[in-house]
Structures are given as C-alpha cells and as structure tokens.
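The values are calculated or read from the model by the stated rules, or taken from the named source; none is laboratory data. Treat the numbers as computed from the prediction; the structure is a model and nothing was measured. Here the Cβ positions follow ideal geometry from the backbone for every residue, glycine too, while neighbour counts run over all protein chains shown.
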Amino acid sequence: MTIILNGKPRDARAVTLAQLFDELGVNAAKKAVELNGTIVPTSAYSTTSVADGDHIEIIQFVGGG
C-alpha cells in the first residue's frame, strides 16, 4: 500500500502505527503522530490501523524553556 508520510508518498506493509514505526526503524518514544488530521495518543499506536492513502505526520518532541 502507499501512504503519505510527512508529505511524501511511501510504500508500507505495516498494519498498525506501531508496526510502521518498526518498519521505519523509528523509536516511538518522544514522537507525536497525526493520522489523517487527528492526533493519535501514544497508547493507541499498537491498535491504530494504517490504510492505503492515509496521511501520516510523525513529529519529534523538542523540549525547551
């Protein structure tokens, strides 16, 4: 399937967001995910499905003060 990841088309085999992180080799800690315009809580990554054509934004948290 093809998803749009951070604005660019990408082939993916993942069925859930957690699997997508594994496929990308990305540690889910300190990441925020927006799926089709909706923020997904970290606790839902393993149960949130990824489908063909989904728009996914992965954002790195940055601390500061």
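One residue stands out in the range 19-43 among those that are touching a Ser or Thr at 6+ places or on another chain (Cβ under 9 Å) and surrounded by 13 or more Cβ atoms within 10 Å (Cβ to Cβ): the one that is modelled with the lowest pLDDT, namely Ala28. Just to be sure, is Ala12 surrounded by 10 or more Cβ atoms within 10 Å (Cβ to Cβ) and at pLDDT below 95? Taking the combined requirement at face value, the residue does not satisfy it.
Here's the yes/no breakdown for (1) in a helix (DSSP H, G or I); (2) in contact (Cβ under 8 Å) with a residue 40 or more places away in the chain; (3) basic (Lys, Arg):
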| site | (1), (2), (3) |
| --- | --- |
| Phe21 | yes, no, no |
| Glu34 | no, no, no |
| Ile39 | no, no, no |
| Ala51 | no, yes, no |
| Glu57 | no, yes, no |
| Val62 | no, no, no |
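What is the one condition in (1) loosely packed, with under 14 Cβ neighbours inside 10 Å; (2) over 14 Å from Arg10 (Cβ atoms) that Thr48 does not satisfy? So the condition that Thr48 fails would be (1). With respect to being more than 10 Å from the chain's Cα centre (by Cα) and in a loop (DSSP other than H, G, I, E, B), Ala28 falls outside the description.
Selection of the range 8-19 for residues being more than 11 Å from Ile58 (Cβ to Cβ) and either part of a loop (DSSP other than H, G, I, E, B) or within 10 Å of the chain's Cα centre (by Cα) (or both) yields Ala12, Arg13, Ala14, Val15, Thr16, Ala18, Gln19.
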